[in-house]
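Only one structure is covered here, and it is reproduced in the block below.
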Amino acid sequence: MTERRRVAVTGIGAITPIGLTADGLWCGLQRERSAVDLVTLFDPSPFRSQVGAEVRDFVAADHLESKRLKRMNRYAVFSVVAARMAVADAELDLAREDRDRIGTMMGSALAGIGYAEEQLGRYLAQGLPAVDAGLALSVFGGASSCNIAIDLGVTGPNSTNSMSCDSWSIAIGDGFRCIRDGEADVMFCGGAEAPLAPLCYGAFTIIRAMSVRNDDPAHASRPFDKDRDGFVMGEGAAVLVLEEWQRAHARGAHIYAEMLGYGSTNDAFHMTAPRPDGSQAARAMRNALRDAHVAPHEVGYINAHGSSTPLNDPTETMAIKQVFADHAYRIPVSGTKGYYGHSLGASGAIEAAICALSFDHEWLPPTVNLASPDPECDLDYVPSSGRCQRVDVALSNSFGFGGVNAVLVMKRPD
């Protein structure tokens with residue numbers, strides 16, 4: 001049997017409502033303030049929910065030349081720019097690399113559907129001649145990973161999956177396995193999402209999944225709080241550079257973390273509600289720990305899915321207890337979506353980046369807006385403010401629509 005190769009995280013690119021680049025993301029976390037506000041990208045007044053987490057300090061023209069911008073929508077732009085940031089952060093000189101050994105795996109729940117919605121409006125108002133000629137190449141999920149590959153000239157394994165809120169973790173898990181199994185040496189992996197458009201947004205208000213705290217947007221996303229009333233839709237992207245450990249070490253790369261394991265399951269229960277007993281979410285965590293060869297008592301931090309919905313938060317709490325028993329009460333658990341909302345297929349990639357950065361800075365971000373803990377959510381959710389703490393092993397959880405559960409295990413580098 002071929003020996004499994006070790007996988008390092010050597011670069012982080014981030015486009016988030018609380019900051020751009022790895023440094024910007026970290027500074028945003030340390031401010032300990034939510035970026036959620038009233039939606040400005042469209043008029044939200046017809047909807048019950050009117051709050052969102054927008055990336056407001058991002059100017060595409062500052063990052064991409066006009067010729068490229070004409071061929072990409074916001075979703076693809078987020079993907080390419082986050083990948084460029086990650087490559088720069090990893091100090092990878094692609095001109096000196098074997099690009100056949102470098103690939104891209106991305107995830108997105110809704111891909112370019114927001115742009116398609118905009119173009120549909122043009123079509124209805126002015127007919128087909130008004131529609132962007134690049135529409136057909138902009139709306140499919142693969143516009144993320146394929147545009148990254150074209151931009152960076154990398155010809156290794158490439159895919160974008162659309163498995164709801166878990167698509168990012170599936171992308172990172174698949175990229176991790178590509179390197180571990182010898183199919184590639186470097187993978188650019190993560191998630192991107194640009195869903196803030198009226199129909200996309202409205203679809204989630206119809207099913208009453210989102211917060212209606214319109215009079216207090218900054219406190220609308222409140223994971224594990226008894227007064228939570230739904231998630232807040234956000235946008236953004238994050239890309240991690242995964243690299244075979246020995247080559248990363250040999251070139252003197254800064255290693256944020258070692259990727260150890262990945263596990264996934266499906267509830268097979270309901271399209272929006274989690275399985276009430278949390279059993280399959282728990283099994284995903286156990287599978288990831290088994291894949292990582294890590295015992296439950298070795299885990300020192302969990303970045304929770306923590307969507308701020310009435311059903312998800314207590315179910316995730318229950319699942320964590322099933323896996324970790326009494327140790328669950330000793331593990332710090334952050335629900336960081338209070339900062340930047342829920343950017344669907346991108347949020348978990350942001351959270352994986354947060355785990356990696358937490359190893360580096362020895363500081364755990366708080367669960368912002370956790371003012372009155374739900375009695376059913378009784379773990380250590382790092383309330384009020386961040387915590388200086390060294391952690392050796394971390395989990396990043398994602399539990400999405402369709403009952404998809406996916407978990408990554410990461411470790412402080414040796």
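The values are calculated or read from the model by the stated rules, or taken from the named source; none is laboratory data. Quick caveat, the model's predicted, so the values are computed rather than measured. Quick reminder, even Gly has a Cβ in these numbers, built from the backbone with ideal geometry, and neighbours come from all protein chains shown.
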Of the residues in the range 296-332 that are assigned to a helix (DSSP H, G or I) and polar (S, T, N, Q), the one that is nearest to the chain's Cα centre (by Cα) is N312
In this structure, does P332 turn out to be farther than 30 Å from L38 by Cα, touching a strand residue (DSSP E or B) at 6+ places or on another chain (Cβ under 6 Å), in contact (Cβ under 8 Å) with a residue 40 or more places away in the chain and surrounded by 21 or more Cβ atoms within 10 Å (Cβ to Cβ)?
yes
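Residues are listed down the side, and each one gets a yes or a no for (1) more than 17 Å from the chain's Cα centre (by Cα); (2) assigned to a helix (DSSP H, G or I); (3) of a type in the set (K, R); (4) in the same structural domain as G52 (by TED's automatic domain parsing):
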residue: D227; (1), (2), (3), (4): yes, no, no, yes
residue: A237; (1), (2), (3), (4): no, no, no, yes
residue: I255; (1), (2), (3), (4): yes, no, no, no
residue: A268; (1), (2), (3), (4): yes, no, no, no
residue: M271; (1), (2), (3), (4): yes, no, no, no
residue: P274; (1), (2), (3), (4): yes, no, no, no
residue: Q280; (1), (2), (3), (4): yes, yes, no, no
residue: R283; (1), (2), (3), (4): yes, yes, yes, no
residue: R286; (1), (2), (3), (4): yes, yes, yes, no
Cβ pairs under 8 Å, 6+ apart or interchain, first in the range 13-37 and under 22 Å from M106 (Cα atoms) and assigned by TED's automatic domain parsing to the domain that holds I172, second modelled with pLDDT under 95 and charged (D, E, K, R), ordered by first then second residue, are L20/D57
Filtering the range 55-76 for residues that are touching a residue at least 24 places away in the same chain (Cβ under 8 Å) and either part of a loop (DSSP other than H, G, I, E, B) or under 11 Å from N147 (Cβ atoms) (or both) leaves a count of 11
For A88, the lone unmet condition from (1) under 26 Å from the mean Cα position of the chain (by Cα); (2) of a type in the set (A, V, I, L, M, F, W, C); (3) under 24 Å from S162 (Cβ atoms) is (3)
Checked S45, S49 against criteria (under 27 Å from I207 (Cα atoms), surrounded by fewer than 14 Cβ atoms within 10 Å (Cβ to Cβ) and among the polar types (S, T, N, Q)); the one match is S45
Inset, instruction - Go through the residues of the range 78-87 one by one and say whether even a single one is in a helix (DSSP H, G or I), surrounded by fewer than 19 Cβ atoms within 10 Å (Cβ to Cβ) and touching a Lys or Arg at 6+ places or on another chain (Cβ under 7 Å). - result: no
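Each row is one residue, and each column tells you yes or no for (1) without any contact (Cβ under 8 Å) to a residue 24 or more places away in the chain; (2) charged (D, E, K, R); (3) closer than 30 Å to S384 by Cβ.
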position: Q50; (1), (2), (3): no, no, yes
position: A53; (1), (2), (3): no, no, yes
position: A83; (1), (2), (3): no, no, no
position: Q119; (1), (2), (3): yes, no, no
position: A125; (1), (2), (3): yes, no, no
position: A130; (1), (2), (3): yes, no, no
Note: among D185, D151, D174, just one is among the charged types (D, E, K, R) and out of contact with any strand residue (DSSP E or B) (no Cβ under 6 Å at 6 or more places or on another chain), namely D151
* Residue check for I113: under 26 Å from I170 (Cβ atoms), touching a Phe, Trp or Tyr at 6+ places or on another chain (Cβ under 8 Å) and touching a residue at least 60 places away in the same chain (Cβ under 8 Å) -> no
Checking T40, T21 in turn, the sole residue that is closer than 18 Å to A238 by Cα, of a type in the set (S, T, N, Q) and surrounded by fewer than 24 Cβ atoms within 10 Å (Cβ to Cβ) turns out to be T21
Within the range 335-367, residues touching a helix residue (DSSP H, G or I) at 6+ places or on another chain (Cβ under 8 Å), surrounded by fewer than 24 Cβ atoms within 10 Å (Cβ to Cβ) and assigned to a helix (DSSP H, G or I) come out as L357, H361
Next on the checklist: Suppose the filter is under 17 Å from G345 (Cβ atoms) and under 25 Å from the mean Cα position of the chain (by Cα); does V39 pass it?
Outcome noted: no
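Here is a yes/no grid of residues against (1) in a loop (DSSP other than H, G, I, E, B); (2) in contact (Cβ under 8 Å) with a residue 60 or more places away in the chain; (3) surrounded by fewer than 22 Cβ atoms within 10 Å (Cβ to Cβ):
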position	(1), (2), (3)
M187	no, yes, no
G191	no, yes, no
L199	no, yes, yes
R208	yes, yes, yes
L240	no, yes, no
Q246	no, yes, yes
Y262	no, yes, no
